[in-house]
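The structure under discussion appears below in the form of structure tokens.
Just so you know, all these numbers are worked out from the coordinates, no wet-lab data involved. Worth saying up front: this structure is predicted, and the values here are computed from it rather than measured. FYI the Cβ positions are ideal-geometry reconstructions off the backbone, even for glycines, and counts take in every protein chain you see.
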Amino acid sequence: ELRTPVTVIEGTGLTMERIWDSLDDATRKDLLGGLVSNAKVLHGLITNLLDFSRLEGGHAETNFGPTDLSALLLATGERLDHLFSQHHLQVDVEQDLIVESDPLLIDRVVENLLANAAKHTPAGTTVRLSAHRGNGDVTVSVADDGPGIGREDLAHLGERFYRGGEINTRTRGLGLGLAIVREILGLHATDLVVETNPGAGCRFSFTLPAVATTDRLPASMRPGA
């Protein structure tokens, strides 16, 4: 997976070096676009490798505290909206959800779950990001109407470098997205729950401890600040 974008970048670069003067503007633009696209893929792969290495080795920096989860989820959904140009993204987040967490790491969890849904569900299907209170916790979930996950793949879901079923032929990646999610949630003393019905979609969810009042929030995060 690392070799593929490197090969494309190298091949395109050599081609441009040899025949740049003979190329028209449209062709140059297409070639440069391909370079940028593959560079972004390579950047994402390397980032996942480095992040997983730090998490697995216990070297990840953490900053736990009261987190405005409602604002975080809305911002993450808005930032990743471009991934769902061929899907329907629905966001159903209860207001004023305050949890104890590391906000940067939880943002990464939600980003990975949404990106995973965008990659592995057919165009035209719906992906739902939701968060609601219950029994002293807040449950965050990402659900889709895709093909679901087979029993054989489900047993290995979240294992590093595992990419099962048709995923190998339909998407690019190292199989670290859900492994990173599980590592981060482990730091939060929680785990990823996967519910699936082959042919009828799946739901990924996790819980975080709710902060009962806004008294523990920094002044800048309190309502009306």
So if we plug the beta-carbon distance of residue 30 and residue 74 into 1/(1 + (r/R0)^6) with R0 = 41 Å, what FRET efficiency do we get, rounded to 0.05? 0.70
When the Karplus curve 6.51 cos²θ - 1.76 cosθ + 1.60 is applied with θ = phi - 60°, which whole-Hz ³J(HN,Hα) does each residue of segment 61-66 get, with x for Gly and Pro? 7, 10, 9, 7, x, x
Rank the residues 108, 28 as a footprinting-exposure proxy: fewest other Cβ atoms within 10 Å of their Cβ go first. 28, 108
Once R0 is set to 25 Å, what does the formula 1/(1 + (r/R0)^6) return for the Cβ-Cβ distance between residue 133 and residue 64, expressed as a FRET efficiency to the nearest 0.05? 0.80
So who's got an amide H within less than 5 Å of the one on residue 89, skipping anything under 5 residues away but keeping other chains? H placed 1.01 Å off N, in plane. 127
Check: segment 3-56 dipole with +1 on Lys, Arg Cβ and -1 on Asp, Glu Cβ, in debye: 140 debye
Calculate, axis by axis, the spread of Cα positions in segment 3-56 along the three principal axes, and write the results as whole Å, longest axis first. 50, 16, 12
Under 5 Å from the placed amide H of residue 149, counting only residues 5+ away or on other chains, we find 197, 199
Taking the Cβ of each residue in 84, 206, 64 as the centre, tally the other Cβ atoms inside 10 Å and list the residues starting with the fewest. 64, 84, 206
So if we plug the beta-carbon distance of residue 17 and residue 83 into 1/(1 + (r/R0)^6) with R0 = 35 Å, what FRET efficiency do we get, rounded to 0.05? 0.60
How charged is the neighbourhood of residue 189? Take every other residue with its Cβ under 14 Å from the Cβ of residue 189, and add Lys/Arg as +1 and Asp/Glu as -1. -4
Phi to ³J(HN,Hα) by Karplus 6.51 cos²θ - 1.76 cosθ + 1.60 over segment 84-90, Hz, x for Gly, Pro: 10, 4, 10, 10, 10, 9, 10
Footprinting exposure proxy for 107, 191 (fewest neighbouring C-beta atoms within 10 Å first): 191, 107
